[in-house]
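Undergrad: Below are the structure tokens for one structure; questions will follow.
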Amino acid sequence: DRVYAPKKEVVRAAEEAAYPDFPTKKDILGGIGVESEFDPKITTGTSIGLMQVCYKSHAIAPKSLFNVRFNIQKGSQILHDYYISLGRDRTAALMAYNLGINAYRQGKRRYSYVRRVDSVKKLVSLK
């Protein structure tokens with residue numbers, strides 16, 4: 001299995017952006033591993049940076065999402081907001097983050113994404 005060794009700046013930002021309930025630092029790092037493989041410069045369509053935050057959906061200036069700390073803070077905030085609005089359901093929050101909240105509310109599901117996040121978070125080395 002691959003071991004992910006994120007840069008200290010990423011780990012610190014994940015610690016700062018973590019919530020006591022969800023997402024935790026490990027949840028954030030697992031999500032980053034799946035979304036961007038820890039590449040802060042990655043862009044996929046309208047999604048940018050480590051957490052692949054969609055600037056159009058969240059009305060964020062695209063350039064700002066290349067800032068590691070801001071990207072992780074926004075991604076964590078979005079995950080936490082979904083977690084709260086979806087009844088404190090971690091699985092639902094992760095799927096909504098990946099699919100988009102509207103697609104999730106329309107009944108789309110992607111359990112494979114949740115499994116990948118959980119798998120990657122176990123492989124993150126914090127040394």
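Undergrad: How many residues does the stretch 8-59 contain that are under 14 Å from L94 (Cα atoms) and hydroxyl-bearing (S, T, Y)?
TA: Selection size over the stretch 8-59: 1.
Undergrad: Same structure, new question: Does the stretch 26-54 hold any residues that are assigned to a loop (DSSP other than H, G, I, E, B), under 14 Å from the mean Cα position of the chain (by Cα) and more than 26 Å from V3 (Cβ to Cβ), and which are they? Outline the logic, then answer.
TA: The first filter runs over the stretch 26-54 and keeps only residues assigned to a loop (DSSP other than H, G, I, E, B), leaving 37-42, 45-46, 49-52.
Add one more test, that the residue is under 14 Å from the mean Cα position of the chain (by Cα), and what stays is 37-40, 42, 49-52.
If the condition is that a residue be assigned to a loop (DSSP other than H, G, I, E, B), under 14 Å from the mean Cα position of the chain (by Cα) and more than 26 Å from V3 (Cβ to Cβ), then no residue fits.
The rows are residues; the columns are (1) farther than 11 Å from V124 by Cα; (2) free of Cβ contacts under 8 Å to residues at least 60 places away in the same chain; (3) among the small types (G, A, S).
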position: A5; (1), (2), (3): no, no, yes
position: V11; (1), (2), (3): no, no, no
position: I32; (1), (2), (3): no, yes, no
position: K41; (1), (2), (3): yes, yes, no
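Undergrad: Okay, next question. Within the stretch 52-73, count every residue that is of a type in the set (S, T, Y), surrounded by fewer than 18 Cβ atoms within 10 Å (Cβ to Cβ) and either modelled with pLDDT of 95 or more or under 15 Å from S36 (Cα atoms) (or both).
TA: Applying the first criterion (of a type in the set (S, T, Y)) to the stretch 52-73 yields 55, 57, 64.
Okay, now just the ones that are also surrounded by fewer than 18 Cβ atoms within 10 Å (Cβ to Cβ), so 57, 64.
Still in the list and also either modelled with pLDDT of 95 or more or under 15 Å from S36 (Cα atoms) (or both): 64.
Total meeting the criteria: 1.
Undergrad: Checking N102 against (1) modelled with pLDDT of 95 or more; (2) crowded, with 19+ Cβ neighbours inside 10 Å: exactly one of these is not met. Which one?
TA: Looking at each condition in turn, N102 falls short on (2).
Undergrad: Residue check: is S76 open to solvent by less than 30 Å² (accessible area, probe 1.4 Å) and under 24 Å from L123 (Cα atoms)? I'd like the intermediate steps shown before the answer.
TA: Working: open to solvent by less than 30 Å² (accessible area, probe 1.4 Å): yes; under 24 Å from L123 (Cα atoms): yes.
Yes: the conditions hold for S76.
Undergrad: As an exercise: evaluate E35 against (1) on the phi < 0 side of the Ramachandran plot; (2) of a type outside the set (A, V, I, L, M); (3) surrounded by fewer than 19 Cβ atoms within 10 Å (Cβ to Cβ) and give the number of the one condition it does not meet.
TA: (3)
Undergrad: OK, next. Report, by residue number, each residue of the stretch 12-32 that is open to solvent by 20 Å² or more (accessible area, probe 1.4 Å) and not polar (S, T, N, Q). Write out each step before concluding.
TA: To start, the set of residues in the stretch 12-32 that are open to solvent by 20 Å² or more (accessible area, probe 1.4 Å) comprises 12, 15-16, 18-21, 24-26.
Within the stretch 12-32, R12, E15, E16, A18, Y19, P20, D21, K25, K26 meet the criteria.
The values are calculated or read from the model by the stated rules, or taken from the named source; none is laboratory data. Treat the numbers as computed from the prediction; the structure is a model and nothing was measured. All Cβ positions, even for glycine, are placed from backbone atoms using ideal geometry, and neighbour counts span all protein chains on display. For accessibility, only protein heavy atoms count, side chains too; no ligands or nucleic acids. Shrake-Rupley method; radii C 1.70, N 1.55, O 1.52, S 1.80 Å.
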